[in-house]
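Some notes on the structure that comes next.
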Amino acid sequence: MGLAPRSPNKAGRRFPAGGKRGRGAKGSGRPRPGRQRPSCSPPDGRSEPALEAHSHLSSEAIGYFRRALSALKEAPETGEERELMVHNVLKEVEAQALALATNRTGSEIMQELLGFSPLKPLCRVWAALRSSLRSVACHRCGVHVLQSALLQLPRLLGSPAQEEEEEDLEEEENGKDGPLETLEELVLGLASEVCDDFLFYCGDIHASFVVRTLLQVLGGTLLESERTRHRGSQSPDAQRVPARECKPTDFEVPETFLNCLQDLSSCFLKDIAVFITDKISSFCLQVALQVLHRKLPQFCAHVCSAVISYLSSRNPSADGSPLLLFLRDQTSSRLLEQVLLVLEPLRLQSLFEDHFQGQLQALAAHPIANFPLQRLLDAVTTPELLSAVFEELSPALEAVLAQGHPGVVIALVGACRRVGAHQAQVLQLLLEAFHCAEPSSRQVACVPLFATLMAYEVYYGLLEEEGAVPAEHQVDVATARALGDVTVLGSLLLQHLLHFSSPGIILQSLGALTGPQLLTLAQSPAGSHVLDAVLSSPSVTRKQRRRVLKTLKGQYVALACSRHGSRVLDAIWSGAALGARKEIATELGERNQELMRDPFGHHVARNVALTTFLKRREAWEQQQGAVAKRRRALNSILED
């Protein structure tokens with residue numbers, strides 16, 4: 001599809017799903033930042049081979065540590081016996097620290113064991129690795145042990161037991177290597193060593209992970225995007241959580257850590273060109289900007305200014321600002337994305353006027369530059385900037401969708417939602433882009449079109465001659481068609497629109513879906529979040545919510561027995577009045593045995609207290625009435 005009049009060929013094109021930037025798209029050559037494990041082959045010129053003579057780990061030792069880890073997992077969480085077991089196992093870890101850290105299986109076991117370590121044993125293990133710190137950091141397995149050790153700081157810093165253990169550390173008898181250093185001293189020592197050879201550590205494919213984790217620990221902020229990359233002792237479920245659903249975790253750090261963070265971050269300014277153009281080193285600067293933005297915002301602004309000044313001073317491109325060249329580069333565009341997200345509003349406005357204005361449509365069409373543009377839209381917080389961006393981008397909305405870059409459109413819709421401006425205009429443009437604005441009867445079909453990112457003719461398989469008057473919407477055809485596959489970006493688009501101040505058209509379209517179609521939406525991994533938005537949006541009234549959800553009557557058992565549908569049903573139950581709860585419980589109770597046999601239905605039945613409902617109705621009603629009363633009281637407190 002494009003902006004030209006309809007023709008049989010153009011009407012038959014669907015909007016490409018888009019959303020996969022060059023970093024993860026097949027054949028793009030743009031690596032996904034940190035989503036993949038680093039290469040297992042040792043880097044050329046590194047000291048990893050020198051470790052081989054000292055890092056042999058026998059199969060008996062691996063078996064011992066594996067059994068010890070299993071025993072610790074099964075042991076009670078507290079008690080003298082557990083403390084003794086932890087002490088003995090970590091004593092053995094200390095004795096074979098280098099061999100464990102540089103062995104693939106041993107490294108994985110060691111990472112989990114460090115998660116059980118108190119302060120003193122962790123310091124001893126760290127000290128045992130310190131003499132080979134550079135080699136371990138550059139080792140494909142050792143780097144993850146150092147990351148795991150650093151990630152124990154939020155647990156150990158400031159804990160009640162830390163002060164006592166710090167005193168114990170000071171009273172340690174001097175061994176052949178002198179007194180044992182405190183955890184703070186060990187971290188600062190690591191930072192000092194990294195600072196002395198900053199370019200090497202940031203540029204090494206393995207050691208750069210240590211630098212990124214160190215920056216977060218010094219700033220007292222664990223970024224979710226970085227935290228999920230490290231295997232550590234995370235459960236598989238935790239690793240599957242999308243980064244956008246999680247927030248950075250802050251923890252208290254000594255003032256010396258923040259001073260060290262600023263000193264370490266100053267090293268980026270000495271070789272700014274390297275960190276802009278080298279894809280491995282650039283990741284370190286991106287993490288530093290995120291941490292500095294949260295903990296040292298003034299210094300973050302200074303670093304951003306240095307990056308922009310450097311890029312602006314390069315040779316100008318033929319079509320405008322020199323910055324445009326870097327927006328189209330695979331490596332530097334990533335750094336610019338992060339710069340855009342951390343800039344202050346006034347500086348962002350200035351950057352837009354100096355470099356972006358007049359180029360937005362060209363950037364939106366570019367396979368790489370459209371992603372920095374999305375970050376610019378994500379960072380918009382003022383009506384003035386949004387108006388300027390909207391005026392330039394809005395005429396090309398359909399063209400951008402046809403080019404396979406729906407992320408730009410969704411970011412623009414998200415900015416309209418966030419700022420609270422241009423909402424009616426962008427909705428009208430979307431209806432026109434998906435060919436459901438005229439005739440007006442087609443507007444009721446907008447939800448399936450937005451969810452699947454398909455134009456009206458494509459979704460319903462129509463062939464329209466060029467210049468022909470668009471056909472009226474056929475309700476019987478729409479109700480007979482199963483809902484198409486809901487895309488992630490389509491779901492995000494609908495979620496934004498449901499949070500607009502007037503989501504009436506979207507709610508009307510949702511209400512026109514049949515029970516099976518709405519069930520399909522609720523059971524979809526992406527589509528289920530659309531119903532979450534219906535339940536949570538402050539723009540959706542209780543009456544509108546009931547009108548949409550009543551279509552699900554008769555579908556509750558199918559919802560309960562679905563992974564994603566059961567979560568939607570739980571959310572509906574949480575906000576339902578007593579009468580609605582009775583209807584849901586009655587319908588579920590008719591097929592109680594089926595629910596109890598289903599892994600998801602079983603949990604729904606327990607949440608609904610279905611057994612009580614079937615056997616002791618009066619007690620169930622009293623219980624649900626008390627719950628409703630508490631919820632009303634809580635809501636009144638929150639409203640006040």
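The values are calculated or read from the model by the stated rules, or taken from the named source; none is laboratory data. Keep in mind that this is a model prediction, so the values were computed, not measured. Neighbour counts run over all protein chains shown; Cβ positions are idealised from the backbone, glycine included. Note: areas computed on protein heavy atoms with side chains; ligands, DNA, RNA excluded. Shrake-Rupley method; radii C 1.70, N 1.55, O 1.52, S 1.80 Å.
Some values worked out for this structure:
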read-out	value
Inter-residue pairs, beta-carbon under 7 Å, first over 14 Å from E60 (Cβ atoms) and open to solvent by less than 60 Å² (accessible area, probe 1.4 Å) and in the stretch 82-106, second charged (D, E, K, R) and assigned to a helix (DSSP H, G or I), 6+ apart	E94/R124
Criterion: closer than 28 Å to T382 by Cβ and assigned to a helix (DSSP H, G or I) - qualifying residue of L489, L449	L489
Any hit, the stretch 34-55, residues being at pLDDT 50 or above, within 29 Å of A127 (Cα to Cα) and in contact with a Gly (Cβ under 7 Å, 6 or more places away or on another chain)	no
Elements of type helices (runs of 4 or more DSSP H) contained in the stretch 285-346, each with 3 or more residues being surrounded by fewer than 19 Cβ atoms within 10 Å (Cβ to Cβ) and of a type in the set (G, A, S)	297-312
The one condition in (1) of a type in the set (A, V, I, L, M); (2) farther than 28 Å from Q474 by Cβ; (3) surrounded by fewer than 21 Cβ atoms within 10 Å (Cβ to Cβ) that L492 fails to fulfil	(3)
Some residue of the stretch 476-487 being of a type in the set (A, V, I, L, M), under 24 Å from the mean Cα position of the chain (by Cα) and within 20 Å of A580 (Cα to Cα)	no
Meets criteria (in contact (Cβ under 8 Å) with a residue 24 or more places away in the chain, surrounded by 19 or more Cβ atoms within 10 Å (Cβ to Cβ) and within 27 Å of the chain's Cα centre (by Cα)) for A402	yes
Residues of the stretch 347-386 that turn out to be more than 26 Å from the chain's Cα centre (by Cα), farther than 17 Å from V307 by Cβ and not hydrophobic (A, V, I, L, M, F, W, C), as a count	8
Selection from the stretch 379-391 of residues that are assigned to a helix (DSSP H, G or I) and either surrounded by fewer than 17 Cβ atoms within 10 Å (Cβ to Cβ) or among the small types (G, A, S) (or both)	A379, P383, E384, S387, A388, E391
Of the criteria (1) modelled with pLDDT of 95 or more; (2) within 20 Å of G219 (Cβ to Cβ); (3) of a type outside the set (S, T, N, Q); (4) surrounded by 22 or more Cβ atoms within 10 Å (Cβ to Cβ), which one D263 fails	(4)
Considering residues of the stretch 195-209 that are surrounded by 21 or more Cβ atoms within 10 Å (Cβ to Cβ) and farther than 14 Å from F275 by Cα only, the residue nearest to the chain's Cα centre (by Cα)	F209
Helices (runs of 4 or more DSSP H) wholly inside the stretch 537-594 containing at least 2 residues that are over 30 Å from S501 (Cβ atoms)	556-560, 563-575, 578-589
Residue in the stretch 469-483 that is open to solvent by less than 10 Å² (accessible area, probe 1.4 Å) and part of a loop (DSSP other than H, G, I, E, B) present	no
Tabulated pairs, the stretch 599-619, first touching a residue at least 12 places away in the same chain (Cβ under 8 Å), second in a loop (DSSP other than H, G, I, E, B) and hydrophobic (A, V, I, L, M, F, W, C), C-beta under 6 angstrom, 6+ apart or interchain	F600/C561; G601/C561
Residue match in the stretch 406-428 (condition: surrounded by 21 or more Cβ atoms within 10 Å (Cβ to Cβ), touching a Cys at 6+ places or on another chain (Cβ under 6 Å), modelled with pLDDT of 95 or more and part of a helix (DSSP H, G or I))	yes
Filter result for Q374 (at pLDDT 95 or above, in a helix (DSSP H, G or I) and in contact with a Leu (Cβ under 7 Å, 6 or more places away or on another chain))	no
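Per-residue answers, yes or no, for (1) in contact with an Asp or Glu (Cβ under 7 Å, 6 or more places away or on another chain); (2) under 30 Å from V400 (Cα atoms):
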site	(1), (2)
D485	no, yes
L497	no, yes
L519	no, no
R545	no, no
C561	yes, no
A571	yes, no
A576	no, no
I584	no, no
Q593	no, no
